[in-house]
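This report concerns only the one structure given below.
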Amino acid sequence: MIIATASAVSVVCGVLIGRYAIPDNSAAPGPTSAAPSSSPSEPASKPAPSATALVPTSPTPSTSTSGDSGTTESTVPGTPTRINQYGIPIGYPRTQAGAVSACANYDAINGKLQNREPTTIRNMYASIATPEASKKLSDLIIENDKKSAKTYGVPSIQAPNFGFIGRATGYSVQSYTQDDANVTIWGVLGFGIYNSTDANLSPKEGWATDTCRVIWSDGDWKLDDAGDGPANPAITDRAAEGFKEFLLVGAGT
């Protein structure tokens with residue numbers, strides 16, 4: 001993954017693959033990505049399903065009026081139909097909105113620290129990605145997290161003093177057909193060691209993009225590839241206006 005250095009710290013973050021800031025000193029290992037391989041086995045305890053789904057704001061939701069009640073029902077474009085055993089929304093329509101929604105929700109799973117436990121990340125990717133992408137991305141994420149833990153001086157990024165949180169905030173469609181789509185997800189990531197006296201290790205934040213490719217397979221959009229995109233734009237940049245907003249459907253944990 002490409003890392004850009006800014007003064008004392010490399011302030012690059014990828015919400016999905018997990019590229020974070022690495023202290024800029026010659027002894028520190030290079031930045032990393034993260035995750036496992038092989039086909040996953042069912043974890044002993046499954047994450048509780050989340051009712052939150054990210055869906056595109058456009059096209060405008062269609063409305064229909066029920067004759068008896070006079071109430072108006074709104075159909076949100078790209079809405080998933082169900083949540084799988086790992087709390088990930090799945091079952092998207094074969095539309096551009098469905099592809100965007102799939103990319104956003106698949107990207108979002110890595111913004112939660114509890115989801116980045118190796119066995120969990122393997123199983124999650126196996127449930128939403130093609131076999132090749134599942135292994136590749138899981139291996140990248142796990143390896144990234146191991147190297148980052150070493151750099152930050154913690155046993156693992158699951159350590160209680162290591163903070164990590166990512167949020168997807170917008171999207172841009174690069175290409176779309178009924179069989180595959182390439183989407184850029186824009187988001188913010190915060191990470192670092194709480195209460196650290198070392199400015200290079202203390203929590204910091206950054207804006208960055210992730211790339212996502214999904215293909216239509218077995219009646220749903222499956223993740224076929226993903227990666228860290230450019231470490232921009234900042235929320236204050238004019239380029240940020242080019243990313244469309246998501247609708248939040250439901251409430252999750």
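The values are calculated or read from the model by the stated rules, or taken from the named source; none is laboratory data. Bear in mind that the values here come from a model prediction, so they are computed numbers and not experimental data. Quick reminder, even Gly has a Cβ in these numbers, built from the backbone with ideal geometry, and neighbours come from all protein chains shown. In case anyone asks, the SASA skips ligands and DNA or RNA and just uses the protein heavy atoms, side chains included. Shrake-Rupley method; radii C 1.70, N 1.55, O 1.52, S 1.80 Å.
Taking label positions 7 Å along the Cα-Cβ direction at both Thr119 and Ala240, the computed distance is 4.0 nm, reported to one decimal.
Please label the shape of the stretch 156-253 as rounded, prolate or oblate, based on the square roots a ≥ b ≥ c of the eigenvalues of the alpha-carbon gyration tensor (a/c under 1.5 means rounded; beyond that, a/b larger than b/c means prolate, else oblate). Walk me through the numbers on the way to the answer.
Working: a/c = 2.27, a/b = 1.70, b/c = 1.34.
Because a/c hits 1.5 or more and a/b exceeds b/c, the stretch 156-253 counts as prolate.
With an a/c value of 1.5 or above and a/b larger than b/c for the gyration tensor axes a ≥ b ≥ c computed over the alpha-carbon atoms, the stretch 71-216 is described as prolate. Classified by the C-alpha gyration tensor, the stretch 92-177 has a prolate form. Its axis ratio a/c, with a ≥ b ≥ c, is 1.5 or above, and a/b is larger than b/c.
Using a 1.4 angstrom probe on the protein heavy atoms only, could you order Asp224, Asp107 from most to least accessible area? Could you put the intermediate results ahead of the total?
Values: Asp224 45, Asp107 0 Å².
Ranked list, largest accessible area first: Asp224, Asp107.
Computed from phi, the 3J(HN,Hα) profile of the stretch 208-217 under the Karplus parametrisation 6.51, -1.76, 1.60 (θ = phi - 60°) reads 6, 10, 10, 9, 9, 10, 10, 10, 7, 8 Hz, with x in place of Gly and Pro.
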